[in-house]
Amino acid sequence: MNKKTRANKKKWLSKLLKIIGALALFSLLFFLSIYIGLWGSLPSKKDLKNFKQAEASIVFDHNQKILGKYFVFDRQIVKYEDLPKYLVDGLVATEDARFYDHHGIDYTSFFRVAFKSILMQDASSGGGSTITQQLAKNLFGRKSYGPFSMPVNKIKEMITASRIEEVYSKEEIIELYLNTVPFSENTFGIESASQKFFNTNTQNLSLSEAATLVGTLKANHSYNPRLFPERSQLRRDVVLQQMEKYGYIDKIKRQEVSNQPLEIDYHKFSYNEGLGSYFREHVRLEAEAILDSIKNENGSSYNLYTDGLKITTTLDNGMQSYAERATEKHMGKLQQQFEASYGNAAPWITDEKLLNQLVKNLPKYKELEKKGLSESHILDSLKRKEKKSLFTLEGDTIMEVSTIDSLKHYLKFLNAGFVALDPHTGAVRAYVGGINFEHFKYDHVSMGKRQVGSTFKPIVYTAAIENGMDPCTYFSIKEVTYTDQEGWTPSNASKDENDPHMNYSLEKALSHSVNTIAVKVLDEVGILPVVQLAENMGITSKLPEVPSLALGTAELSLLELSTAYTGFANANVSVKPYFINKIEDRSGTVLYEYRPDASLQPAYSDRTRETMIEFMKSTVNEGTARRLRSTYGLKNDIAGKTGTTQDNKDGWFVGITPHLIMASWVGNDHHQIGFKTTAIGQGANSALPIVANFLVELNNDRDYRTYTSAQFNAPSKEVLESLDCNPEKRDGFFKRLFGKKKKEKEFGK
């Protein structure tokens with residue numbers, strides 16, 4: 001080799017060394033710039049020690065079954081000791097085989113990936129990140145730094161991973177990782193994923209289920225077990241192979257589990273969907289109000305969405321499921337009857353005045369009006385058709401409709417409310433606020449107030465009995481015109497109740513819901529005593545002090561009406577409904593616990609209560625609610641009262657059993673639209689079936705035998721004797737011939 005050749009080699013070697021030196025210096029400076037925070041601050045060891053994760057608050061029913069969650073990220077924390085060993089083993093075998101040997105950075109894996117990715121351009125080389133590095137990414141995320149994003153983020157994660165290893169043990173790192181890692185469908189943490197995809201707690205996961213969830217970590221959408229079960233099962237088997245490779249399971253176990261089909265038990269927690277959506281919204285509002293007055297250790301208020309609270313409610317998941325099924329079953333049939341009765345003359349199609357009023361109240365109409373468009377141009381815009389998703393009772397469907405078409409579509413739907421209360425405590429056991437929470441947010445149990453019709457009559461009769469009226473007092477069913485009430489003449493719904501010479505006892509008058517007698521009873525007792533009693537029975541709304549109060553012109557919520565009925569099954573004391581038993585923080589410390597109101601007093605006597613229960617038993621056995629027996633075959637010991645308002649706008653029913661008050665309402669959200677006929681709209685047809693279907697479901701479930709087999713205590717001898725009279729009597733010949741035919745009077749005189 002000549003001198004010139006050797007000189008050239010030295011020259012190129014010198015240049016190469018300078019390039020390598022420059023690259024090394026640049027890398028060192030680049031690393032230092034990240035380390036000292038020029039690319040954004042890094043978490044210190046102190047920050048890591050004090051790290052607190054946002055955690056979903058969990059809503060439980062009264063039996064500690066999960067009902068739902070409130071969260072920003074769907075995450076709930078599980079301790080390391082509750083993690084099955086094969087879950088941890090599967091994670092390590094698949095994601096970081098040398099996890100227990102490194103201190104946050106697996107240099108062997110790192111340089112392997114760097115060599116394959118950079119020099120060999122192998123895209124399948126993997127990420128080379130350890131579990132600790134992945135944890136750093138989960139905790140602090142990644143930011144964009146333009147073309148330097150990948151190296152900056154990787155180095156930041158490596159530095160953070162090293163600090164995490166100094167602060168936490170390997171077990172604590174596994175715990176943190178599994179509580180923060182994102183699984184399929186935006187689900188954060190192993191506990192939430194276990195409940196969503198397998199409807200179980202983490203500690204109860206099988207090997208197959210654990211391997212399936214670990215498998216999703218490689219690509220949580222591509223390996224989603226709900227969307228891609230075959231692909232997910234293949235990935236599960238890869239995890240099992242890795243576990244066998246590293247000695248966590250043997251070949252026999254791997255083959256046994258690999259041969260098992262992948263089965264999921266999907267259970268979605270969604271604000272708009274799932275069990276008890278209206279109830280959960282009511283609890284959310286109430287919980288936030290409670291938490292506003294409670295401070296945490298830092299002196300700030302608790303956050304329902306991030307503080308991992310545990311909210312135990314009064315709801316019974318089983319009853320709630322039956323209540324929703326009962327409502328859905330009946331409303332599907334009733335909606336068909338409702339639409340068929342109107343045919344082409346339906347008000348949501350033909351009532352131009354109503355439609356014009358509603359169109360002009362649309363946000364879109366007001367928006368276009370503000371822009372200065374004329375009415376005709378606005379209407380043209382609102383008539384423009386496009387594809388939209390519309391709600392139907394069978395499920396959402398895509399249709400090509402205009403804004404006005406959509407308005408008419410939703411205008412036709414009947415809505416409903418149902419609530420079941422424990423009359424002894426006020427605990428809400430089932431709560432259906434409407435037919436669909438996603439499309440009809442308005443809560444018809446606690447928010448909506450409608451005229452209650454004949455369901456108010458038991459309050460009138462209770463006041464009468466309590467004020468000394470004998471149960472065997474007879475009233476004529478004939479109509480009377482009240483001259484001081486603008487000639488108001490209340491009438492009866494049934495043509496059979498127009499005989500001016502027929503008289504009913506109080507029991508028959510109530511059980512057959514005779515309007516003329518209800519007003520006469522109120523006339524005799526007085527309006528003010530009835531109003532006072534109603535308040536003592538838990539009604540807080542302002543009651544109209546007019547004779548029509550006897551017919552239920554008062555507007556009450558379903559929850560308020562139910563409250564008034566609780567005393568009939570609770571020793572004459574009406575209890576206030578409640579929703580939340582207790583609220584605990586993430587460590588189990590009780591922040592709030594419900595305390596019943598010990599100051600509540602009986603609203604009436606035992607004699608009155610026993611008499612009224614017998615009256616309302618007759619309503620079920622032979623009166624307006626008799627289809628509970630004849631149509632639904634219910635043999636439960638039950639009392640109740642139906643209600644229908646003027647022009648068939650609202651249907652009501654309240655059922656009473658020894659341990660449960662059940663109330664339902666059905667109607668259209670727009671008061672202008674009622675049922676076409678009384679046959680369809682009366683409470684016995686529109687509202688009662690929801691309670692009936694609910695009771696049928698309970699009767700078929702042995703777990704609720706305490707409720708379904710309970711019987712009212714036998715009434716006292718005194719009460720039985722007071723009821724021992726004919727339910728009706730007809731005026732004698734001479735009274736019919738010579739009796740006064742009093743057709744007009746002044747109310748209260």
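Computed from the coordinates by the stated procedures, all read-outs in this text should not be read as laboratory data. Just so it is clear, the model here is predicted, and its values are computed rather than measured. Glycine gets a Cβ as well: all are built from the backbone with ideal geometry, and neighbour counts include every protein chain shown.
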Note down the net charge around Tyr342, summing +1 for each Lys or Arg and -1 for each Asp or Glu among other residues with Cβ under 11 Å from its Cβ.
-> 0
³J(HN,Hα), Karplus 6.51/-1.76/1.60, whole Hz, each residue of segment 327-336, x for Gly, Pro | 5, 4, 4, 6, 5, x, 5, 5, 4, 5
Return the FRET efficiency for the residue pair Gln485, Leu354: r is the Cβ-Cβ distance, R0 is 30 Å, and the value is rounded to the nearest 0.05.
-> 0.50
From the Cα gyration tensor of segment 609-749, with a ≥ b ≥ c the square roots of its eigenvalues, which class applies: rounded if a/c is under 1.5, or else prolate if a/b is larger than b/c, or else oblate?
-> oblate
Hey, rough spin-label estimate for Lys412 and His670, points 7 angstrom out along Cα→Cβ, what's it come to in nanometres?
-> 1.3 nm
Cross-link list Lys408/Lys520; Lys46/Lys582; Lys156/Lys295; Lys412/Lys745; Lys364/Lys649; Lys457/Lys676: which exceed 32 angstrom alpha carbon to alpha carbon?
-> Lys408/Lys520; Lys46/Lys582; Lys156/Lys295; Lys412/Lys745
Please say if segment 543-605 is rounded, prolate or oblate, where rounded means a/c under 1.5 for a ≥ b ≥ c the square roots of the C-alpha gyration tensor eigenvalues, and otherwise the choice is prolate for a/b larger than b/c and oblate otherwise?
-> prolate
Neighbourhood net charge (12 Å Cβ-Cβ; Lys/Arg +1, Asp/Glu -1) for Tyr100 = -4
If R0 is 25 Å, what FRET efficiency do you get for Lys582 and Thr540 from their C-beta distance, rounded to 0.05?
-> 0.50
Net charge of neighbours whose Cβ lies under 12 Å from the Cβ of Leu411, counting Lys and Arg as +1 and Asp and Glu as -1 = -2
Take the Cβ-Cβ distance between Asn199 and Glu718 as r, set R0 to 60 Å, and report the resulting FRET efficiency rounded to the nearest 0.05.
-> 0.65
Which one of Pro458, Thr619, Ser192 is farthest out on the positive end of the charge dipole of the chain, using unit charges on Cβ (Lys, Arg +1; Asp, Glu -1) and the Cα centre as origin?
-> Ser192
Rounding to the nearest 20 debye, state how big the charge dipole of segment 470-571 is about its Cα centre with +1 on each Lys and Arg Cβ and -1 on each Asp and Glu Cβ.
-> 160 debye
Which of the aspartates and glutamates could a cross-linker bridge to Lys366, judged by Cα under 13 Å and excluding same-chain residues fewer than eight apart?
-> Glu375
Nearest 20 debye, what's the magnitude of the dipole of the chain about its Cα centre given +1 on Lys and Arg Cβ and -1 on Asp and Glu Cβ?
-> 3800 debye
Among Lys387/Lys441; Lys170/Lys268; Lys65/Lys576, which pairs are too far apart, with a Cα-Cα distance over 29 Å?
-> Lys170/Lys268
Gln711 versus Asp265: modelled label distance in nm, points set 7 Å from Cα along the beta carbon direction | 3.8 nm
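Going by the alpha-carbon gyration tensor, a ≥ b ≥ c the square roots of its eigenvalues, is the chain rounded (a/c under 1.5) or, if a/c is not under 1.5, prolate (a/b greater than b/c) versus oblate?
Prolate.
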Per-residue [θ]222 nm for the chain (sum of -39500 (n - 2.57) over DSSP H runs n ≥ 4, rounded to 500) = -13000 deg cm²/dmol
For labels at His221 and Lys383 in the simple 7 Å Cα→Cβ model, what's the distance in nm?
-> 4.2 nm
